[in-house]
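Attaching a single structure in structure tokens format; questions to follow.
The values are calculated or read from the model by the stated rules, or taken from the named source; none is laboratory data. Everything quoted here is computed from the prediction, not taken from an experiment. Reconstructed Cβ throughout: ideal geometry from the backbone, glycine too, with neighbour counts over all protein chains shown. In case anyone asks, the SASA skips ligands and DNA or RNA and just uses the protein heavy atoms, side chains included. Shrake-Rupley method; radii C 1.70, N 1.55, O 1.52, S 1.80 Å.
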Amino acid sequence: MKENYFRDLLTEDIKESDVILLGIPYDLGCSCGKGASDAPKVIRELSSFLPPFTADGKTLKNVKIYDYNDVEEYSKIEEKFTEILNYDKFNLVLGGDHSVSIPTQKAFLDYCRGINKIPVIIHIDAHPDICDFYDGSKYSHACTNMRAIENGYDTKDITLVGIRGYEEQEVIYLANHKELEVYNASYLNKFGFEEVLKSLFNKYKYSKEHLIYLSYDIDANDPSFAPGTGTPEAFGLNSIELLDFIKELYINLPIKVMDIVEVSPVLDTNNITSWLALKTVYEILGLISEKK
């Protein structure tokens with residue numbers, strides 16, 4: 001067993017696992033504050049201090065996690081994640097900056113095509129990440145969704161949630177692609193998440209054709225809840241309301257993959273942001289436990 005990570009939840013038998021965990025300690029796609037490459041290590045270390053219970057005291061001891069360790073070479077991410085997807089488990093990815101989602105979402109796209117499913121992305125973030133180039137690169141963390149579309153995702157099956165920081169090229173692109181739904185943080189803070197949940201449920205709750213990749217950039221939260229991130233944006237989402245939203249998604253939709261990205265321990269205060277990511281993971285584990 002690896003240290004005392006995740007207490008009693010780790011298993012050495014991938015076949016008996018409910019969740020496969022992959023760390024991607026990479027932040028060379030980051031344009032602003034670095035340090036996200038440290039997140040998988042720090043989050044694992046913090047897990048050794050966290051008892052295996054949800055915030056409401058429900059045990060997680062019947063949930064088993066297989067830790068697939070880390071993949072550090074960007075060129076190897078897609079291949080490694082393809083291996084993991086073929087085990088047909090719930091997959092949890094700890095980034096890393098948001099550029100790590102480019103190869104994992106490409107692997108997910110190919111996986112879905114192989115089993116005749118339509119891949120969906122729900123992108124929770126302060127930023128649309130739909131630049132074509134950023135800082136001279138097509139593989140910046142600001143280009144994640146543009147690369148997904150280029151690889152073959154349908155724009156109508158991408159939903160952006162929590163957005164409040166735009167580049168001009170993103171404003172132009174989104175104005176010309178109204179089928180790609182965007183829920184700004186200003187709207188969600190005023191009216192709540194009911195409308196976005198209604199839209200997503202209408203499209204995917206009863207579908208047998210779709211599988212969902214949930215991509216969670218920690219900077220979707222207001223910086224008061226998540227200061228340890230490279231590109232903090234003011235006027236963000238409340239962490240409790242956002243957690244409730246994520247739980248509703250998991251309960252009601254066919255989510256196969258969840259990544260948590262852009263946690264930067266070096267920019268954090270008392271590990272607040274890393275703890276937020278880890279506690280969010282435990283709440284998802286609680287839902288998996290209830291299903292079992």
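For region 235-292, name all the residues that are assigned to a loop (DSSP other than H, G, I, E, B), buried (at least 21 other Cβ atoms within 10 Å of the Cβ) and of a type in the set (S, T, N, Q).
Residue satisfying the conditions is SER264 alone.
To continue, here is another question. Looking at (1) crowded, with 22+ Cβ neighbours inside 10 Å; (2) in contact (Cβ under 8 Å) with a residue 60 or more places away in the chain, can you tell me which one ILE14 breaks?
(1)
Out of everything in region 1-14 that is at pLDDT 95 or above and either in a helix (DSSP H, G or I) or of a type in the set (A, V, I, L, M, F, W, C) (or both), what residue ends up being farthest from ASP88 (Cα to Cα)?
PHE6
So which residues in region 150-192 are aliphatic (A, V, I, L, M), in contact with a strand residue (DSSP E or B) (Cβ under 7 Å, 6 or more places away or on another chain) and farther than 23 Å from ALA234 by Cβ, if there are any at all?
Let us first name the residues in region 150-192 that are aliphatic (A, V, I, L, M), namely 158, 160-161, 163, 171-172, 174-175, 180, 182, 185, 188.
Subset that is in contact with a strand residue (DSSP E or B) (Cβ under 7 Å, 6 or more places away or on another chain): 158, 160-161, 163, 174, 180, 182, 185, 188.
Correct list: ILE158, LEU180.
Here is a further query. Of the residues that make up region 154-163, is at least one at pLDDT 95 or above, crowded, with 22+ Cβ neighbours inside 10 Å and in a loop (DSSP other than H, G, I, E, B)?
From region 154-163, those at pLDDT 95 or above are 154-163; that's our starting set.
So of that shortlist, the ones also crowded, with 22+ Cβ neighbours inside 10 Å come out as 158, 160-163.
Within this subset, residues satisfying the condition of being in a loop (DSSP other than H, G, I, E, B) are none.
Scanning region 154-163, I find no residue that is at pLDDT 95 or above, crowded, with 22+ Cβ neighbours inside 10 Å and in a loop (DSSP other than H, G, I, E, B), so the answer is no.
Something else about it: Residue check, HIS141 against (1) open to solvent by 10 Å² or more (accessible area, probe 1.4 Å); (2) touching an Asp or Glu at 6+ places or on another chain (Cβ under 6 Å); (3) without any contact (Cβ under 8 Å) to a residue 60 or more places away in the chain; (4) in a loop (DSSP other than H, G, I, E, B), all met but one. Which one?
Only one criterion in (1) open to solvent by 10 Å² or more (accessible area, probe 1.4 Å); (2) touching an Asp or Glu at 6+ places or on another chain (Cβ under 6 Å); (3) without any contact (Cβ under 8 Å) to a residue 60 or more places away in the chain; (4) in a loop (DSSP other than H, G, I, E, B) is unmet by HIS141, namely (3).
Here's a follow-up. If you scan region 50-82, which residues turn out to be open to solvent by 70 Å² or more (accessible area, probe 1.4 Å) and over 18 Å from THR11 (Cα atoms)? Step through it out loud before you land on a result.
Step one: list which residues in region 50-82 are open to solvent by 70 Å² or more (accessible area, probe 1.4 Å), which gives 53, 55-56, 58, 61, 69, 72-73, 75-76, 79.
Those that are open to solvent by 70 Å² or more (accessible area, probe 1.4 Å) and over 18 Å from THR11 (Cα atoms): ALA55, ASP56, LYS58, GLU72, GLU73, SER75, LYS76, GLU79.
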